[in-house]
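Here's the structure we're looking at; comments come further down.
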Amino acid sequence: MESPEVRRTSLWATLVATFFGIGRLRPGPGTWGSAATIMLWAAMAHALVPSLRTPVAIALTVLVILVGIPAATQVARGAGKKDPQFVVIDEVVGQLIALIAVPLAWKSFLAGFILFRAFDIVKPPPVRQLEAIPEGAGIVLDDVAAGLYALGCVHLLLYFGLLR
């Protein structure tokens, strides 16, 4: 049987919001979304010329935000929920941000993963306040802030030589 949000939203919005179904994985769909993002970014980044990695990461992040907000809005409306757990495009955005300009190394990726998930779960100010923004913007923007916190921390760890 078809799930309610598929019936009430367009296919593109459902595919984007659930990151091609990854949001359906249990337990912890957000963690699965973050892990998938790291694996896909690692594969993509390794294929890029090193000088293009940071600009591509930034451009990809902006693109995912611009497509993710309307997709999250449609799917949340269709599901009748403020922030459905199966919507994980926000984790994709936050995790991408946490990996901007970090070395392609497992320690950097692991630190970015742990820090982003921690900030996304704990939601220090203003992360929690951004959830109050209506619909898809609130769903996505709180993870943008969590990603920025994680990005700052990863770069501090790199600066102080703690991720060598």
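Bear in mind these aren't lab numbers, they're just calculated from the coordinates by the rules spelled out. Not measured: the values here are computed from a predicted model. Here Cβ is always computed from backbone atoms with ideal geometry, including for glycine, and neighbour counts include all displayed protein chains.
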| field | Backbone HN-Hα couplings from phi across the range 21-32 [Karplus 6.51/-1.76/1.60, Hz, Gly and Pro as x] | value | x, 4, x, 8, 6, 10, x, x, x, x, 5, 4
| said: At a 10 Å Cβ-Cβ cut-off, how would you order 34, 108, 10, 51, fewest neighbours first? | reply: 51, 10, 108, 34
| Counting Lys and Arg as +1 and Asp and Glu as -1, what is the net charge of the other residues whose Cβ lies under 10 Å from the Cβ of residue 130? | -1
| message | Give me the net charge for the shell around residue 70: Cβ to Cβ below 12 angstrom, other residues only, Lys and Arg +1, Asp and Glu -1. | response | 0
| request: With +1 on each Lys and Arg Cβ and -1 on each Asp and Glu Cβ, and nothing else charged, work out how big the dipole of the chain is about its Cα centre, in Debye to the nearest 20. | output: 220
| note | Whole-number value, in Å³ per residue, for the convex hull of the alpha carbons of the range 82-126 is 88
| message | Please compute the volume of the convex hull spanned by the alpha-carbon atoms of the range 24-96 and report it per residue in Å³. | response | 77
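Roughly how large, in nm² to one decimal, is the mean projection of the convex hull of the alpha-carbon atoms in the range 25-164? If you can, show how the numbers build up before the last one.
On the way: hull surface 32.8 nm².
Answer in nm², one decimal: 8.2.
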| field | Percentage relative contact order, the range 89-147, counting C-alpha pairs under 8 Å, at least six apart | value | 48
| request: Please give the peptides 112-119, 60-67 ranked by average Cβ packing (other Cβ atoms within 10 Å per residue), highest first, as a rough proxy for protection. | output: 112-119, 60-67
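Quote the FRET efficiency, to the nearest 0.05, computed for residue 31 versus residue 11 with a Förster distance R0 of 22 Å and r equal to the Cβ-Cβ distance.
0.30
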